[in-house]
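Provided herewith is a single structure, encoded as structure tokens, for subsequent inquiry.
The values are calculated or read from the model by the stated rules, or taken from the named source; none is laboratory data. Being a predicted model, the structure only gives us computed values, none of them experimental. Here the Cβ positions follow ideal geometry from the backbone for every residue, glycine too, while neighbour counts run over all protein chains shown. To get the accessible areas, we keep the full protein, side chains included, count just its heavy atoms, and leave off ligands, DNA and RNA. Shrake-Rupley method; radii C 1.70, N 1.55, O 1.52, S 1.80 Å.
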Amino acid sequence: MIPSEPPRQPQTGFLFFPPYRIQGYSIAGEETCIQVPELDVCFDVGRCPRLALTSPFIALSHGHMDHAAGLSYYFSQRHFQGMGVGTVICHRSLEQPIHRLMEAWVDIEAQRTPYKVRSMVNGDELEIKNHIFLRAFDTDHTVPSLGYGIVEKRSKLRPEFAGLPQEKLLEIKQGGTEITYVMEVPLVAYMGDTSPGRHFRREDVRKAKILICECTFTEPDHKDRARVGKHLHLDHLVTLLDEVECENVVLVHLSRRTHMGQARKQIDETIPEEHRHRVHVLMDGRTNRARYQQQVERAEAEEAKS
Ligand SMILES: [Zn+2]
Ligand SMILES: [Zn+2]
């Protein structure tokens with residue numbers, strides 16, 4: 001008798017919302033690691049897939065193993081492959097444990113891996129790229145947890161000065177008057193593991209172009225489990241979609257127990273039709289591949305025309 005082949009690795013989830021790619025893995029309790037390459041950040045690092053290494057920042061939502069276990073490997077591989085020192089952004093309560101974790105590796109490996117920790121509390125922010133800021137906010141899970149909003153800050157001329165010639169503007173500016181203001185454009189929000197709550201009503205979440213949101217449970221009889229584990233249930237999404245303006249909502253952290261075909265069916269039945277085009281499931285490879293194929297064909301057709 002010939003033994004059967006080992007199980008295959010799950011396909012990398014992939015969605016393209018120009019100009020941003022959302023890619024990685026996310027299965028509740030097993031592994032969540034979601035990268036936005038264009039923004040230099042990876043949300044969580046449950047295990048450390050190769051793609052995560054190209055992000056100089058890991059933004060940890062909380063310390064559960066399925067979100068954080070790949071951290072030391074990430075630091076180590078970044079260093080080993082000469083990619084520079086990786087930085088983890090995390091809740092303040094995790095800062096010391098992460099130092100202890102990395103110290104333990106010094107004993108285990110008999111060598112020191114360089115790493116950086118930037119701990120945050122509600123409202124803290126960090127410039128991760130030119131004019132692009134990552135901001136932490138409290139969410140509500142069974143352990144201290146953060147969500148993140150990424151916003152672009154654009155300097156805009158105050159409307160009362162519009163149309164004035166350059167030299168006039170310079171003169172006003174030199175006279176000590178502020179001629180610009182900062183406009184915030186919310187780009188991406190990541191909620192991590194969380195119950196529903198007012199963190200979904202923040203500007204940088206509600207108006208983000210892309211909202212990456214957990215949806216651990218989809219079955220009608222799993223509402224209690226969602227409440228106890230402080231997770232979202234598909235039913236919460238229905239209310240949420242009325243509240244948020246996000247062009248695209250990416251559902252992650254679905255339970256492995258739910259077959260993708262089954263989840264897809266429940267989502268299609270539960271989400272009102274007017275919202276359905278905004279809702280995507282990161283790990284729904286079949287639907288996402290078809291969507292990407294269409295994007296490629298459309299781009300090729302555009303190119304052929306020009
Ligand atoms: Zn989780
Ligand atoms: Zn969790």
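Packing-wise, with mean Cβ within 10 Å as the measure, how do 81-89, 5-13 rank, highest first?
Going from most to least packed, we get 81-89, 5-13.
Determine the gain in length on full extension of the stretch residue 117-residue 247; use 0.36 nm per residue of separation and subtract their C-alpha separation, reporting nm with one decimal.
Additional length available on full extension: 43.6 nm.
Summing +1 for each Lys or Arg and -1 for each Asp or Glu, what net charge is found among the other residues whose Cβ lies under 9 Å from the Cβ of residue 120?
+1
Would you work out the relative contact order for the stretch 22-305, in percent, from Cα pairs under 8 angstrom that are 6 or more residues apart?
It comes to 13 percent, rounded to a whole number.
Looking at 180, 299, 144, which one has the Cα that reaches farthest to the positive end of the dipole of the chain (charges on Cβ: Lys, Arg +1; Asp, Glu -1)?
Looking along the dipole axis, the top candidate is 299.
Right, something else. Ranked highest first by average number of other Cβ atoms within 10 Å, how do 107-118, 35-46 line up?
Averaged packing, sorted descending, gives the order 35-46, 107-118.
May I ask for the net charge around residue 142, where only other residues with Cβ less than 10 Å from the Cβ of residue 142 are counted and Lys, Arg are +1 while Asp, Glu are -1?
Counting the neighbours of residue 142, the net charge comes to -1.
So if I take the centroid of the Cα atoms in the stretch 204-278 and the same for the stretch 100-136, what is the distance between those two points in Å?
30 Å
Helix by helix, which DSSP H runs in the chain go 18 Å or more along their axis at the Cα atoms and have an average Kyte-Doolittle hydropathy of -0.5 or more?
95-109
Just the accessible area per residue of the stretch 188-273, please: how many Å² with a 1.4 Å probe?
Heavy-atom accessible area per residue stands at 45 Å².
Sticking with this one: Return the FRET efficiency for the residue pair residue 304, residue 17: r is the Cβ-Cβ distance, R0 is 25 Å, and the value is rounded to the nearest 0.05.
Computed FRET efficiency for residue 304 and residue 17 comes out at 0.60.
Check which residues have an amide H placed less than 5 Å from residue 61's amide H, if you skip close sequence neighbours.
Excluding prolines and chain starts, which carry no amide H, the hits are 44.
At 1.4 Å probe size, with the rest of the protein present, what percent of the exposed accessible area of the chain is carbon and sulfur atoms?
Taking all protein chains in place, the chain shows 51 percent carbon and sulfur surface.
Restricting to DSSP H runs of at least four residues, report the calculated mean residue ellipticity at 222 nm for the chain, -39500 (n - 2.57) per run over all residues, nearest 500 deg cm²/dmol.
Value at 222 nm, helices only, nearest 500: -9000 deg cm²/dmol.
Could you tell me the ratio Rg/Rh of the chain? Both radii from Cα atoms, Rh via Kirkwood.
Result: Rg/Rh = 1.02.
A follow-up question, please. List the trypsin sites (Lys or Arg not before Pro) in the stretch 21-51 that DSSP assigns to loop (not H, G, I, E or B) and whose Cβ has at most 11 other Cβ atoms within 10 Å. Which are they?
Filter output for the stretch 21-51: empty list.
Can you work out ³J(HN,Hα) from phi for every residue in the stretch 277-283, in order, using Karplus 6.51 cos²θ - 1.76 cosθ + 1.60 and θ = phi - 60°, giving whole Hz and x for Gly and Pro?
Calculated HN-Hα couplings, in order: 5, 8, 9, 10, 10, 3, 8 Hz.
Still on this structure, I have one more. Test of understanding: what is the full-extension gain from residue 140 to residue 170, defined as 0.36 nm times their sequence separation minus their Cα-Cα distance?
This chain segment gains 6.0 nm when fully extended.
For residue 161 and residue 219 in the same chain, what is the full-extension length gain: residue separation times 0.36 nm, less their Cα-Cα distance, in nm?
15.3 nm
Moving on to the next point. Using a 7 Å offset from Cα along Cα-Cβ at residue 96, what residues in the stretch 102-126 end up with backbone N under 17 Å from the label point?
So the set is 102-104, 117-121.
Kindly state, to the nearest 0.05, the FRET efficiency for residue 269 paired with residue 83, given R0 = 45 Å and r defined as their beta-carbon distance.
Efficiency, from the Cβ-Cβ distance: 0.50.
Starting from the amide H of residue 120, placed 1.01 Å from N in the peptide plane, find each other amide H under 5 Å away whose residue is 5 or more places distant or on another chain.
So residue 120 has HN proximity to 90, 91, 92.
Taking the Cβ of residue 193 as the centre, find all other residues whose Cβ is under 12 Å away and add up their charges (Lys, Arg: +1; Asp, Glu: -1).
-3
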